[in-house]
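Notes follow the structure.
The values are calculated or read from the model by the stated rules, or taken from the named source; none is laboratory data. None of these values were measured; they are calculated from a predicted model. Cβ atoms come from the backbone with ideal geometry, glycine included; neighbour counts cover every protein chain shown. Surface areas here come from the heavy atoms of the whole protein model, side chains and all, with no ligands, DNA or RNA. Shrake-Rupley method; radii C 1.70, N 1.55, O 1.52, S 1.80 Å.
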Amino acid sequence: MKNVEKYARGYFMPPETSLNWTRKEYITEAPIWCSVDLRDGNQALVVPMNLEEKLEYFKLLVNIGFKEIEVGFPAASETEFAFLRTLIEQNLIPDDVTIQVLTQSREHIIRKTFESLQGAKKAVVHLYNSTSLAQREQVFRKSKEEIIDIALTGAKLLKQCAEETEGNFQFQYSPESFTGTEIDFALEICNRVLDVWRPTAENPVIMNLPATVSMSMPHVYASQIEYMSERLNYREHVILSVHPHNDRGTGVADAELGMLAGAQRVEGTLFGNGERTGNVDIVTLALNMYSHGVDPKLNFDDIPAIISVYERLTKMRVGERHPYSGELVFTAFSGSHQDAIAKGMNWREEKRPRYWSVPYLPIDPKDIGRQYEGDIIRINSQSGKGGIGYVLQLKYGLDLPAKMREHFGYCVKNVSDQQQKELMPEEIYDIFLKEYANIKRPVEFVKYRFTDDEDFQTVVTIRTGGEVKEIAGNGNGRLDAISDALQTHLGVSYSDLVYKEHALETGSKSQAVSYIGITVADGSVYWGGD
């Protein structure tokens, strides 16, 4: 590509190796989750949510199980301010939920923020100022000491306002654009803020290290987090938090490796909504943990319902291939994938194993509110006999013989190819009926009776060419006797007779289905069902 020479790495590796996180295999427990949907996510919407929409979204987050929710930037607009006051004055915040508000390190904004928090039972006041080299040089044109002074002035004012305001407050600090800040300067400014606040076991402080802009590979971010975690003052009384954005498409990896490196808390949004490419997607993070047998402490057992509310309120859309949540992520169209999934699901029914391990399905779709029918296997011209047979079995209870599945698979694929569309289960069933059931030409099977059950002698009534006639046959079994009658009197010859039957329902009035296949002299196979 052109102009590649104009780009350079804008991040800063720690001066000392910080790789202890690489010795950990996986995340063993859920972090403290903080939803920033109503602030970071909301400010990134084309049309931000109104008061009623924010209230509904807040209830959604509470129902999912979030115990910390950043509700807005109350000094930014009247809607933001009114939303916070509504939550407090109407007592809409559950006792076990902490709200969080954001404020720049500017006096009038801090004072307005505390005005909005009057009477809050439990609130985190999130103070931030930009610290990166680019921000210092290009935006603020200030020295490191001047940037530190901005942070300390805000930190001191937070203490003062908290003492003057009715409520219960916890403090959080973010060196905004942390990933573009020299690591030792980030450490210095965070420790200077901590020295002002002096956290204790009873009143810990949250230190949030955001990837405001993702600038490196995830292992670099993890090393930065570990370096900070090992050197922060009052570390035992500090809750280390990460807030990854997704500019490089690595937001989830940044958060996961950040947790391995010492982060105890994660800020993010449902489905990754947020500025530019978005925040880290908490749904994906949580379900990644879930797939490893770790309880994420959030309730995503009805993803379709959550998506419905999310899309209606934000006017955003969850993509079809979005991890876990997308409409097609548990769907197989490929024949080989469908066959493996169908066999895996049947194996589970047979073996009843303790652990989930179905090919191509990292978790059981039903655990998050998705249905096997219409979600796992969908049929188009790329589908195979295994998937098509599985749809018939799941929806209609039809368990076709293996060779019949192959024949029927080609029938269905041809229809899909000709019509250039996906086929629904009911369309597949109609093809089955048209291809195999109630065939009346050239010969219609009307009825049969056995005249001698011991010698298996039968009389079969058929209709051919508009004429009804009776034909007789015998054999070593009922099916063989009927086959003898057809071959003898109709002048046909076939071999490799396949017969299979099974019940469709249980009970005294159960229905049953039977399948018959024959091979004629030229090798062609014909199938029928009843």
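Cβ separations smaller than 8 Å between residues 6+ apart or across chains give the following pairs from segment 434-450 residues that are within 19 Å of G409 (Cα to Cα) to residues that are open to solvent by 100 Å² or more (accessible area, probe 1.4 Å): A437/D530. Look at segment 18-30: where a residue is farther than 15 Å from S291 by Cβ and a partner is surrounded by 13 or more Cβ atoms within 10 Å (Cβ to Cβ) and not charged (D, E, K, R), sitting 6+ places away or on another chain with Cβ atoms under 6 Å, you get S18/S223; S18/Y227; W21/A222; W21/L260; W21/A261; K24/L260.
In this structure, L51 does not qualify as of a type in the set (A, V, I, L, M, F, W, C), more than 24 Å from T284 (Cβ to Cβ), under 26 Å from the mean Cα position of the chain (by Cα) and open to solvent by less than 90 Å² (accessible area, probe 1.4 Å).
Table: residues versus (1) closer than 23 Å to N299 by Cα; (2) of a type outside the set (F, W, Y); (3) open to solvent by less than 10 Å² (accessible area, probe 1.4 Å); (4) modelled with pLDDT of 95 or more.
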residue	(1), (2), (3), (4)
E70	yes, yes, yes, yes
A82	no, yes, no, yes
R85	no, yes, no, yes
L92	yes, yes, no, yes
D96	yes, yes, no, yes
T103	no, yes, yes, yes
F114	no, no, yes, yes
G119	no, yes, no, yes
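Looking at T458, T451, which is the one that is at negative phi, surrounded by fewer than 16 Cβ atoms within 10 Å (Cβ to Cβ) and of a type in the set (S, T, Y)? Break it down into steps so the answer makes sense when it comes.
Numbers: T458 fails: surrounded by fewer than 16 Cβ atoms within 10 Å (Cβ to Cβ).
Answer to the check: T451.
Note on segment 310-341: residues that are open to solvent by less than 30 Å² (accessible area, probe 1.4 Å), part of a helix (DSSP H, G or I) and either within 19 Å of G278 (Cβ to Cβ) or out of contact with any Leu (no Cβ under 9 Å at 6 or more places or on another chain) (or both) amount to 6.
A Cβ distance below 6 Å, combined with a sequence gap of six or more or placement on separate chains, defines the contacts here; from segment 364-377, residues that are touching a residue at least 60 places away in the same chain (Cβ under 8 Å) and surrounded by 15 or more Cβ atoms within 10 Å (Cβ to Cβ) reach residues that are of a type in the set (F, W, Y) and assigned to a loop (DSSP other than H, G, I, E, B) in the pairs I368/F300; R370/F330. One residue stands out in segment 461-492 among those that are of a type in the set (D, E, K, R) and over 18 Å from G517 (Cβ atoms): the one that is least open to solvent (accessible area, probe 1.4 Å), namely K469. When segment 43-67 is filtered for residues that are touching a residue at least 60 places away in the same chain (Cβ under 8 Å) and under 22 Å from F114 (Cα atoms), only Q43 remains.
Scanning segment 165-196 for residues that are touching a helix residue (DSSP H, G or I) at 6+ places or on another chain (Cβ under 8 Å), closer than 14 Å to L209 by Cβ, in a helix (DSSP H, G or I) and not aliphatic (A, V, I, L, M) turns up F178, T179, G180, F185, E188, C190. Taking segment 286-300, which residues are open to solvent by less than 70 Å² (accessible area, probe 1.4 Å) and either in contact with a Leu (Cβ under 8 Å, 6 or more places away or on another chain) or part of a loop (DSSP other than H, G, I, E, B) (or both)? Within segment 286-300, A286, S291, V294, P296, L298, N299, F300 meet the criteria.
Out of all the residues in segment 249-268, is one or more of a type in the set (D, E, K, R) and assigned to a loop (DSSP other than H, G, I, E, B)? No, segment 249-268 has no match at all. For segment 170-186, a residue qualifies if it is open to solvent by 20 Å² or more (accessible area, probe 1.4 Å) and over 34 Å from the mean Cα position of the chain (by Cα), and the qualifying residues are E182, D184.
Do we have T488 as at pLDDT below 90 and not in a loop (DSSP other than H, G, I, E, B) here? Against the criterion (at pLDDT below 90 and not in a loop (DSSP other than H, G, I, E, B)), T488 qualifies. In this structure, E256 does not satisfy being in contact (Cβ under 8 Å) with a residue 60 or more places away in the chain, crowded, with 21+ Cβ neighbours inside 10 Å and touching a Cys at 6+ places or on another chain (Cβ under 7 Å). Report whether or not I471 is over 59 Å from the mean Cα position of the chain (by Cα) and of a type in the set (A, V, I, L, M). So I471 passes the test.
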